[in-house]
Structure formats: C-alpha cells, structure tokens
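Working notes, beginning with the structure itself.
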Amino acid sequence: MAKVSMKHIEIIALLTDGKSVVELLQRRGIVDLTQYENTEQQKGIDTFDTSQSIQLFERNSTTVQQSLAILDEYAPEKKSLLTSFEPRTPISTQEFEELAEKADQIIHNAYELQRIHQKISENRANLKARIQYAESLESWRTLEVATKFKGTALTTAFIGTLPGEWDREQLLESLKPDPNTDIPAEVEIVFSFREQSGIFILCHQDYKQLCTQALRKIGFAQPLILTDKPPSDLIEEYRRTADELEQEIKRLTSHIQNRADMRRQLLFALDYLSMRADKYRALQDIAITRQTMIIKGYIPAESADPLAQELNEKYILNVTVTEPDEEDDPPVAFKNSMPAAALEDITSSYNMPSKTDVDPNPVMSFFYYLFFGLMLSDAGYGVLMALACGLILKFKKPEGNMKRNMQKFMLCGLSTVFWGSLFGSWFGSFVLKVGLFGQEISLSPLWFDPVADPMKLLILSFVLGFVQIVVGLGVKFYMLWSNGDRLGAIFDIGFWWVVFAGIVMVLASSMVSVPSLDTVGVVVAVTGAAGLLLTQGRSSPSIP
C-alpha cells in the first residue's frame, strides 16, 4: 500500500442546512477543509467570524479539564494498570443527545467544583497561617497583657526580647544606672531560651529614660508579633478558628467526593466542547452568501463518491469532486497494512511526505524492526515484549496510536527474538544451559557469539547500514524517475551507485583472488566520483 489518493471536493449547500451539513462532515471525519480565500471580484461572499465562540469553548474546556483533575485528587477512580490500553467507551445516540442537552448544566457544575476547590485551597492557607500564628505566640502565652501594651498614665511598659538566656536578677542588675542605684520596676521573664529571652518591665514614667538607655545597651528589641489582646487569648482564638477551618475543609472535601459520579458527564463535556470548537474552527473556513454556503477541501478518492451520495440523499446541494490542481498541496494520508502501518505515527511526528514523494513506511519499516532487534538482541526480553503486546492487543483492544504502538513493539519483540537467537543471548546470558529430564540442553548461538567475535558484529552492522543507504537511494531514484527527472535520477543517484559498486569491488578483492579486481574497483569508484563532481550544483546559476 502507499499514500491515499486525494480529491478536491466543493460543496454548495443551502445556508439553512449549513449546521447539519458541517456536523455530518465532522462525524465522518474524512474531509480536510481548506480556508476560503475571498477576492475583490467575489462580491457578496463572506466568511464566519467564530473566534469569540471558539475562545468560550476553549475556556470552558479548560475548566472541565481542571474539574476532572480535582475529582482525581479528591475521589480518584480505581483503575488497573492495563486500563490505559482499553479503547474509549462508546455511547448511544440517545445518550449523546441527552447529555448534549445537559451540557450547560454540566459546565456549570464544573465551575462549581472549581469554586469549591478554590475555597478549600484558601481555607488550607488560612489554617496554616493560624497554626503558625498560634505557634509563634506560644512562648508569650504567660504574658497577661497585649504585646502592644505601652503602660498607663503613670507607668511605662517594655515588652520585647533580649539575645541569650536571662533570669530576673540579671535583668534587674542590668537596669541599674550605677551599682548603688536601683530602678523601682516590675520585672518578669516571660520565657528564657539559650538563643533568646522574652521580658516584661513596668516602671514609673520618671524612670522611662533610664530604662530605655539600659535596655538599648543589652540588645532589647520589640516582639515580632504585636497583638491587641493577651497572647493566651489570641492563641485560643487561633485554635478555635483553625478547628472551624478544618471542619469546613472536611465538609467541602466530602462534597467533592460525593460528586465523583460527575466524572462520566465531565468526560463527555470535554469531548463535546472539543467537537464544538472544531466545528466552529471549520466554520471559519466556509464561505457564505445570503442563501448558500460554500465548503472546499480534500477527501480520499475512495470516500468521495459515497459521501457525495449520502449528502445528495439528505440535503439539497451540489457536490463537485475534481482532481487537485498542479499548484495545490493536498494533505497526505497513509493506508498501509501491517507491519508498515505501525510506523505511520513515527513518520507523522517528523515530516509528512509531499504529494510527489513516495510513502516511506513500507520500505523503511523493515529496517526499523531489523535494527531495533539488532540493538536489543536478547531473545528472552524479546519474547516478553512480543507476548505482552500481543496479549494487550488480543484482550484490551486498544485503538489509535496506542494500538499502533502495541503492534510496533510486538514486531520489535519478534525481531529481538530473531537476533537474540542468532547471537545466543537469553536474558543477558550468551550461552544458557537448561536441564530437562536429566538432559542438558545448550541454547548456544545459532550463528555467532558477538562477545567472542566482535569484528563480525561490526562488519555485519556496516553491511546492514550500507544496504539501508542503497535502498534509500533506490527510493530516491524511483521518485525522480517517476516525476520525469530522469537525468537527475542518473546524476544524483546513479553515480552514487557507481561509487559504491567500485568500493564493493575493492573490498571484495581482499577476499577473493580475482586478478585486477581492485584496480577495476578503483577505476569504477573514481568514475562515479567524477560524475558526481561534474553534475552536482547544475541547478545553481553559473558565474557570468
């Protein structure tokens, strides 16, 4: 098989049927719409502006996706390891229509879940802050006044910290302006640790200046947290608030967990919004007049007639299917059987071939499986890989890229078994002996042991790489020849083959005793190189 032949399709339908026609095309999934290009000569033709609707669908889709993540966090769905390989769950047309009617309510519920999750996050932040506040005030618990307390009309209060560990006698001694003078003051050590001590001093206003000077000398500092209430009262208040927040978090969490049955509806809404966004993107590519709409695009040739027949049976419209013009660049689609089909996603992830290129999958798939098995080359692991992928394909029925990946790795496993058997490698051991009914069975290499003969493996790798290059050049030769560039095929590819043929002759002369074979090989290689030198760059302009 190869690339799918594409046709150009144009549909002119009544504007009143536009919505259902677009939905039918979307369900079939076989038409690649092209953007309608309006010109000054085409008066009365306009296009849809659906950008705002698309933004709304995308915003709602993001919200639904976040809501699913919230459900996964609070009410995770029980899944087995193999669940991810299972195909999508189909729904009936009736169920689809029923859920579509509830789409607005489902989206509203998604926003509600997000709001509850936001409230839980806020409560958790507040809970953490309250606990931290309470812990930071714990050392001041025995203080019976607020940390902001400055004294009364006749007294001055000093509340703060000193570096190091202090006791009451040390502090009283430090407050003395001189050894023989005491300052009458009420002194309390609120807490005392090796790194820091908390103090409370209450003195008469007349001694405020002396106390201030004395405290400054010993490193007095205001407390980090200034409170309007005694710390013990605030600690209890913070604890009560923390308990209330914990209860609120539990209540909201339970509310989300009870909505776990919404998961199926949210999954539907996610697909539904994606379909709606795709539909409105398609509408941007459609031209409209006062009464009609014009749809242009590309369709696989084999699907063109069945689609045209279905449209004509259901609607009043005109369908025109033609061959693409020379300057057109139709999309590329593959239609391959195993094993090439399993590698189509790899080709698509790099660069799709143009309309004049051949499908590389059938040719290159052989070398992909060949080199994968050669690099792994352990028959034991190959058996496990092929068996696991085969069982998944048999019982889980994956679809899409997952199915192709399982097919690909199953074939890679078989290739690994092939090379592992040739090299005698079974689970890392190159020579494995198994005892069976008293007999010793040796699983020795069917060909050679790469550890004992690494040069043979190196030569094998060079030969296989050389074959791949030659085959790749052959594909390029076929493309150039088929597209009418026959001189280009000879100059760009043929001369390379001449060079390679000469190199092969030179190498073969060392293995077989054929007179003058190496001389002939050198002449052939030089001839090919001269041909390349004289013909390359011929498309570039010459020097005037």
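So is Met410 of a type in the set (A, V, I, L, M, F, W, C) and modelled with pLDDT of 90 or more or not? Yes; evaluated as a whole, the condition is true for this residue.
Per the listing Ser461, Ser516, the residue uniquely exposed (fewer than 13 other Cβ atoms within 10 Å of the Cβ) and either farther than 30 Å from Phe372 by Cα or of a type outside the set (Phe, Trp, Tyr) (or both) is Ser516.
When residues of segment 261-297 are filtered for being assigned to a helix (DSSP H, G or I) and in contact (Cβ under 8 Å) with a residue 40 or more places away in the chain, how many remain? Total meeting the criteria: 21.
Residues that are of a type in the set (Ser, Thr, Tyr), at pLDDT 85 or above and outside any helix (DSSP H, G or I) do not occur anywhere in segment 13-32.
Which residue is farthest from Met410 (Cα to Cα), if the candidates are limited to segment 298-343 and must be of a type in the set (Asp, Glu) and in a helix (DSSP H, G or I)? The residue in question is Glu313. Residues that are surrounded by 11 or more Cβ atoms within 10 Å (Cβ to Cβ) and free of Cβ contacts under 8 Å to residues at least 24 places away in the same chain occur in segment 137-149; there is at least one.
Restricting attention to helices (runs of 4 or more DSSP H) lying wholly within segment 454-544, give those where 3 or more residues are in contact (Cβ under 8 Å) with a residue 60 or more places away in the chain.
454-482
Within the set Arg141, Arg194, Arg216, the sole residue that is more than 60 Å from the chain's Cα centre (by Cα) and basic (Lys, Arg) turns out to be Arg216. Annotation: Pro87 fulfils all but one of (1) assigned to a helix (DSSP H, G or I); (2) in contact with a Lys or Arg (Cβ under 6 Å, 6 or more places away or on another chain); (3) not aliphatic (A, V, I, L, M); the unmet one is (1). Among all positions in segment 40-52, there is at least one residue which is within 19 Å of Arg281 (Cα to Cα) and in a helix (DSSP H, G or I). For segment 332-377, residues that are acidic (Asp, Glu) and under 27 Å from the mean Cα position of the chain (by Cα) total 2.
Take the conditions (1) assigned to a loop (DSSP other than H, G, I, E, B); (2) surrounded by 11 or more Cβ atoms within 10 Å (Cβ to Cβ); (3) more than 28 Å from the chain's Cα centre (by Cα); Glu98 misses just one of them, which is (1). Just wondering, is there one or more residues in segment 70-90 that are exposed (fewer than 11 other Cβ atoms within 10 Å of the Cβ), more than 24 Å from Pro398 (Cβ to Cβ) and either of a type outside the set (Ser, Thr, Tyr) or more than 23 Å from the chain's Cα centre (by Cα) (or both)? No, that holds for no residue.
The values are calculated or read from the model by the stated rules, or taken from the named source; none is laboratory data. All values reported here derive from a predicted model rather than from experimental measurement. Because the Cβ atoms are built from the backbone with ideal geometry, glycine has one as well, and the counts that use them run over all protein chains shown.
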